[in-house]
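Reviewing the structure listed below.
The values are calculated or read from the model by the stated rules, or taken from the named source; none is laboratory data. Keep in mind the model is a prediction, meaning the values are calculated, not measured. Note: ideal-geometry Cβ built from the backbone for every residue, glycine included; neighbour counts use all protein chains shown.
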Amino acid sequence: MIAGFGLILLLLAVKVATKFLGVWSLTKAFGFTARDGMYTTLLMSTGLTFGTISALFGLNHNLIDQTQYTILAIVVVSSAVVPTLSAQAFFMLNTATDAQLPQRSTQSPFPSPADINTKTCHIIK
C-alpha cells in the first residue's frame, strides 16, 4: 500500500513537471505575462483524456493488470485535479480589480454588407 502511494506521488510529480515545463515554455514564447502564463500553464497541464484512454487500452489488452491500472488512473485524475485546484486557489480574480480588465467588443470585426464598396470588389473568373 505504501509502495503504491509512493509510486503514485512519483508518477504524478513526473507527469505534472513535464507538462508544466512544456506549457510554461510556450507561454513565455508567446509573450504571456508571468501571472497569465502560470495560470494558463496550470490549467493546460492536464492529460485526462489521453491518459485515461491509454490506461484503459492497456488494461483491456492485458498489457497492465488491475493494480497498475488503478495507480495510473489515480495519477491521471490527480494530474487534472491538483493543477486546477492550485490555479483556482492562487489565481482567483479579485472583484475589486475586475473593472480594470479589458472589456470585450460587441462590434463585429467584419464590415457590414452596407459598408462594402461594390466598385472595389472584383470577381475572379
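Can you find a residue in segment 32-39 that is outside any loop (DSSP other than H, G, I, E, B) and in contact with a helix residue (DSSP H, G or I) (Cβ under 7 Å, 6 or more places away or on another chain)? Yes: one or more hits. Of the set (1) at pLDDT 85 or above; (2) part of a helix (DSSP H, G or I), all apply to residue 63 but (2). When you look at residue 6, is it loosely packed, with under 12 Cβ neighbours inside 10 Å and not in a helix (DSSP H, G or I), yes or no? It is false that residue 6 is loosely packed, with under 12 Cβ neighbours inside 10 Å and not in a helix (DSSP H, G or I). Residue count for segment 8-41 under the criterion of being among the aliphatic types (A, V, I, L, M), under 30 Å from residue 68 (Cβ atoms) and within 15 Å of the chain's Cα centre (by Cα): the result is 4. When residue 90 is tested against the conditions (1) surrounded by fewer than 16 Cβ atoms within 10 Å (Cβ to Cβ); (2) touching a Lys or Arg at 6+ places or on another chain (Cβ under 9 Å), the lone failure is (2).
Please tell me if residue 82 is modelled with pLDDT of 90 or more and either touching a strand residue (DSSP E or B) at 6+ places or on another chain (Cβ under 6 Å) or of a type outside the set (Phe, Trp, Tyr) (or both). Judged against the criteria, residue 82 is not a match.
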